Amino acid sequence: MYCCSLPFLVGVAVAFAGLSYVMYIPIREGIVDTYQARTGATVSRIMGIVASAAECLGIAKHHTVMRLLSNLAMSDNKPPPDTDEMKVEDYIFDEVPVRLYRPTKAKNPSPSVIYLHGSGWTLLSVDIYDDVVSEFAVRSGYIFISIEYPLAPENPFPIPFEACLKAALHVFTHAETYGVDPQKIAIAGDSAGGNLAAAVALKLSELKDVPKLSFQWLIYPATQAFSFKTPSYIANDDAVPYALQIESMAQYWCNYLGNNTSTMTKAFRTNNHTSRKLKQSIYASYVDSKLLPTKYQSSENTRSDYGDDEISNQIEKVILNPYFAPLMAPDLSAVAPAFVVTAEFDVLRDDGLMYAQRMKDAGVDVVVYNSLGSIHGYLLWVGSMPKYADTDHTIDMFVKYAKKQFK
């Protein structure tokens, strides 16, 4: 009996050790919601292991498996049912699928917020964001219009940007059809969606025959692919392992670029994708830590770093394009007022803070809220998931800000 049970006990011990290895994620001290952070990181890690294994076996690409797993876990691929608080309708705006969330307390015509979801231009969907956007719509009482833009790497820049722009212009030109007030339209997005929202807002500011956006709500946006050595990239890379890190952002940017080879992603990850000459150009001043609050500034000089000239020359035209990376815009003076939300322990914290400061320096009315103790994605934990401590407060701030801007 002892001989029979020993292999079993060893097997249990090995399985437990393996499970413990996968499940335990060290979290940086200072992060407020360690349960949510660790849970999200653990799920990301497990999904990443499965996706990497599938790619190694030649079954499917990593991002394809990640999409499949995300959809299985978080989507039912249909709009939520109507409730006493809200009605949801699917439309096609100029060949772009959208989902419209109409709170029962919304005015007619109603102020409206165009929403662009995040996840690296590569993953997730309008369906997966149903709980998030529903929460924003019901809490604010405004119509939200969530855009299903094409995903990278199959649809690299400028395809997602152009789809979002087309859908946004459709909202302006057909506002009355959907009960939207054409003079009270804003745009919002988180992470990669924040990038797209900022890019669309920038483009709309340059068009003469379109009403002005009321404001832009940029939630921990990715605004630049120029430097992976900002203080937040360096300090927060290991804040929540297997969540959003330098490695994953390099992958996402390369997906959006349409060149996600191992050579290219390594160049991005190691900050060798820009040449020394480019690092010493005017564009480096757009990604300068002097734009940050004093406590986040760094004395490290990265302008003399070397880079791969061949790769830099290959991608320079795209990564300096303001519609690809809004922080690269030389002039931000005409963009809509902005409410910028960042998270303290987020590699993209400085992307948002730098963009906010550059808009301020250009004379734009900007409100910045840096959520202390929070991590990237903290506003997405709504619905059936336990919220992060600062989620409700941040949404309340948005509602008050939007009410003021929509007057």
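Values as computed for the structure displayed
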read-out	value
Those strands (runs of 3 or more DSSP E) lying entirely in the range 82-188 with at least 3 residues buried (at least 17 other Cβ atoms within 10 Å of the Cβ) and out of contact with any helix residue (DSSP H, G or I) (no Cβ under 6 Å at 6 or more places or on another chain)	96-103, 110-116
Selection within the range 251-282 - of a type in the set (S, T, N, Q) and in contact with a Ser or Thr (Cβ under 7 Å, 6 or more places away or on another chain)	Gln251, Asn255, Asn271, Thr274, Ser275
Restricting the range 49-73 to residues that are under 25 Å from the mean Cα position of the chain (by Cα) and crowded, with 17+ Cβ neighbours inside 10 Å, the residue that is nearest to Ile128 (Cα to Cα)	Ser70
Residue list for the range 325-375, filter: within 19 Å of Gly30 (Cβ to Cβ) and assigned to a loop (DSSP other than H, G, I, E, B)	Asp346, Val347, Leu348
Residue match in the range 366-387 (condition: among the charged types (D, E, K, R) and modelled with pLDDT of 95 or more)	no
Residue match in the range 314-324 (condition: more than 24 Å from the chain's Cα centre (by Cα), in the same structural domain as Val364 (by TED's automatic domain parsing) and either touching a residue at least 40 places away in the same chain (Cβ under 8 Å) or outside any loop (DSSP other than H, G, I, E, B) (or both))	yes
Given (1) of a type in the set (A, V, I, L, M, F, W, C); (2) within 21 Å of Val287 (Cβ to Cβ); (3) crowded, with 18+ Cβ neighbours inside 10 Å, index of the condition Ala362 fails	(3)
Single match in Pro150, Pro182, Pro156 (criterion: at pLDDT 95 or above and within 11 Å of Ser112 (Cα to Cα))	Pro182
Condition check for Ala60: of a type outside the set (S, T, N, Q), within 28 Å of Ala222 (Cβ to Cβ) and part of a helix (DSSP H, G or I)	no
Check on Ser333, touching a residue at least 24 places away in the same chain (Cβ under 8 Å), among the small types (Gly, Ala, Ser) and either surrounded by fewer than 16 Cβ atoms within 10 Å (Cβ to Cβ) or not assigned by TED's automatic domain parsing to the domain that holds Ala402 (or both)	yes
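The values are calculated or read from the model by the stated rules, or taken from the named source; none is laboratory data. Owing to the predicted nature of the structure, the values given are computational and were not obtained by experimental measurement. Virtual Cβ from ideal backbone geometry, glycine too; neighbours counted across all protein chains shown.
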